[in-house]
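No lab work stands behind these numbers, since they all come straight from the coordinates. Because the structure is a prediction, the values reported are computed rather than measured. FYI the Cβ positions are ideal-geometry reconstructions off the backbone, even for glycines, and counts take in every protein chain you see.
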Amino acid sequence: MGHVAEEPAGEAVAVPGGSLWTMSRGAGLPLVLAHGGPGLSNNLAPVAEMVEDVARVHLYDQRDCGRSPATGPFGIATFVADLEALRTHWKHERWVVGGHSWGAALALFYALAHPDRTLGVLYLAGTAIRWGWKESVQCERMSRLTTDEHQELKALGKRLEGNEDERGQARFLRLMWSTDFASPEAAAVLDHQPLYGFPRADAVARAVQNDWRTRLDEGIEDDLRRLTVPVLVVHGRRDPDPTGAREVADLAPLGH
């Protein structure tokens, strides 16, 4: 994302245990976009810009992330309930639910829980439907780092286990996020423009990841086969794991 779109004034929407920062723009088909993470904050204003001429786009910071102070529990059911609370607040009978990375998974979980309220799912560079990276994906990601960066990443991973080192965590995330980019030149944007405006909420991230892993380990394939709403999967040609997102399109009866 080459620039940060100018943001209109936000709106705080009350939810059980706190409030969610939101921003709405455009007019037309109702669409909500969930940011990646978990534990991060909205960075999808440039995406909203692309469709605000045909859609009423809602952006938000997830529970206890960014500008959304809230208590737990932090898990899929609560985050899905937050989306449903937002839909009710904005009085949309049905809407398109989209997201990027973890946010794409959250959009899918919402559609599985509320198919009657979902016009469609927008799965942007979404994750696989089984926990953990395949060996081929791991190799592809590590090939995008220099030898020194790879060694630094391994050392940071060990050092940060159970450690609240904010600077180390930021460097770890910088290295990991760089492997999402197709080239070092493209990843260089991270050196002068952060992907997210607020630090990661680590406690939220850990709690949601644990619940997310449990849900995927239980298996969602049968749920996807029964999903009756359209699912549009969008990913880059050089994404490190396009096959993971492709599984969603292949399993969902109305997946593309």
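The ranking of V47, V32 by Cβ neighbour count inside 10 Å, starting from the fewest, reads V47, V32. Secondary-structure-derived ellipticity at 222 nm for the chain, considering helices only, amounts to -12000 deg cm²/dmol, per-run term -39500 (n - 2.57) for DSSP H runs with n ≥ 4. Centre-to-centre separation between the Cα atoms of segment 134-165 and those of segment 41-98: 31 Å.
Using a simple spin-label model with pseudo-atoms 7 Å out from Cα toward Cβ, D165 and L216 lie 2.6 nm apart. Net charge in the neighbourhood of V189 (other residues with Cβ under 12 Å of its Cβ; Lys, Arg +1, Asp, Glu -1) is -2. Summary of packing: across the peptides 208-217, 149-158, the per-residue average of other C-beta atoms within 10 Å ranks them, highest first, as 208-217, 149-158. Charged side chains reduced to their Cβ positions (Lys and Arg at +1, Asp and Glu at -1) give the chain a dipole of some 200 debye around its Cα centre.
On full extension, the segment bounded by D53 and A12 gains 12.4 nm, given 0.36 nm per residue less the C-alpha separation. Each label point was placed 7 Å from the Cα along the Cα-to-Cβ direction; for T88 and R238 their separation is 4.5 nm. If you fit an axis through the alpha-carbon atoms of helix 242-251 and take the longest principal axis of the Cα set of the chain, what angle between them do you get, 0 to 90°, nearest 10? The two axes meet at around 30 degrees.
Which of M142, A85, S68 sits farthest toward the positive end of the charge dipole of the chain, with +1 on the Cβ of Lys and Arg and -1 on the Cβ of Asp and Glu? Highest projection toward the positive end goes to A85.
Cα gyration tensor of segment 183-256, axes a ≥ b ≥ c as square roots of the eigenvalues: rounded (a/c below 1.5), prolate (a/b > b/c) or oblate? It comes out oblate by the Cα gyration axes.
For the listed peptides 117-128, 219-230, 241-252, a ranking on the average number of other beta carbons within 10 Å per residue, highest first, reads 117-128, 241-252, 219-230.
Relative to the longest principal axis of the Cα atoms of the chain, helix 166-178 runs at roughly 80 degrees. With respect to the chain, whose longest principal axis is taken over its alpha-carbon atoms, helix 147-159 is tilted by about 70°.
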